[in-house]
Amino acid sequence: MANERSLLNEARIERPDDPLKMIAEAFEASLDGIAITDSEGRFIYMNAAHISMFEFDDASEILGKPWTELYSEEEASWFISFVMPRLFSNGSWRGEVVGRSKTGKDVFQEVALSVHAPTSGIVCQTRDISQRLFGDFQGAQLQQILSNVEKNTFFRAHASALCHDVANFLAIAKHRLSRARVGLANCMDIQADLSAIDEALNAAATLSSQGLSEQAVSSANLHLDAVSLLVSVAELCDGAYKDVGGISILSEVGEARTSCDPMALARSLTNLIKNAAESGSRRQVNVLLCASPPSFHLDASFEELLLGPEISGSALYVAVQDEGCGVSKSNLLRIFDAFFTTKNGLPMAGCGSGLTMLRELCDKDEIQVIVRSSLGGGSQFVMVIPAADVL
């Protein structure tokens, strides 16, 4: 019994003397904003995260003032007419709203509201989602760019096929016309009609030939400016990964024209940046576009893998480097397999196309890929893209 009393006394000693103080300290340490109003809607408490979110210097600037101070007149009116009836009817409400900071900036928030029944006050928990929304917007822009590239590629391919088909039909028609002329050599009226048909066919054949030659010239002149496309892709990725260090983009090249599949190039760079940003370091990812092999540095003990043909002649080098967990020698080849990824150096199932598109470009002899990785020291991926007019 004595031992039991001793244990109970020790347990009492270890319990906090002031639970309310402990709760208050937890509120202040929270990364989410927390605020409480009285029954009249005036703020009686606001933690440091909430104060910072709305750019106040300290709580004294907002305590005692109504919650409507943090919203535009239009947003506050919507709150009163739509949110408040549901809040007091259900006891809680959750949604996304746009606040207004002390300096007048928009504050994009996800809020969870609940009614404190004894006082009829409101408890608000909120987090700033502006970065997430910006990332979503940037992602949508990236998808639009990729979609436009895909459409242009599709229409060019089908326009070329259509020209080929028209040329075949014209050749058949010309052949049949020649045979008809031989059979009707003495009928002058029909000869005149056949001559008119012949002229029309010649005109159509000329147009078809021009379409085909334009397609050939387009390919021969390497129509796509890879620099413009890939810099746009990297800039859009930057918005999506600001919270893990962002993307540093440096282009030493103003223009480089290539015949490589633009859709595949854009998606490959997107995957490389995504992998680098999610490598675990939460540090800035470096992207460099240059006309010669890049000078990024890694730990001396790195492993190296080369895929695709060696590129002779002028080329655009696109390098992506991170300071993440790196890839072991045994996993270097596997990272190009669909649904394979590594986290903290350990292989596990992924959920995307991975770097398979990059490998397909190598298999088609369109580009070369150089991979250098040091386990625990980061990775570097370099796409070597054949290009003309590298400026």
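From least to most packed, judged by other beta carbons within 10 angstrom and beginning with the fewest, R372, R86, R257 follow the order R86, R257, R372.
The order of L375, L306, going from fewest to most other C-beta atoms within 10 Å of their C-beta, is L306, L375.
Of the residues V327, V384, the one with the fewest other Cβ atoms within 10 Å heads the list, and the complete ranking is V384, V327.
If a/c stays under 1.5 just call it rounded; otherwise compare a/b with b/c (prolate if a/b is bigger, oblate if not). Do that for segment 2-128, with a ≥ b ≥ c from the square roots of the Cα gyration tensor eigenvalues. Verdict is prolate for segment 2-128.
Every read-out reported here was derived from the displayed coordinates using simple, explicitly stated rules and does not represent laboratory data. What you are looking at is a predicted structure, and each value in this text was computed from that prediction instead of being measured. Note: ideal-geometry Cβ built from the backbone for every residue, glycine included; neighbour counts use all protein chains shown.
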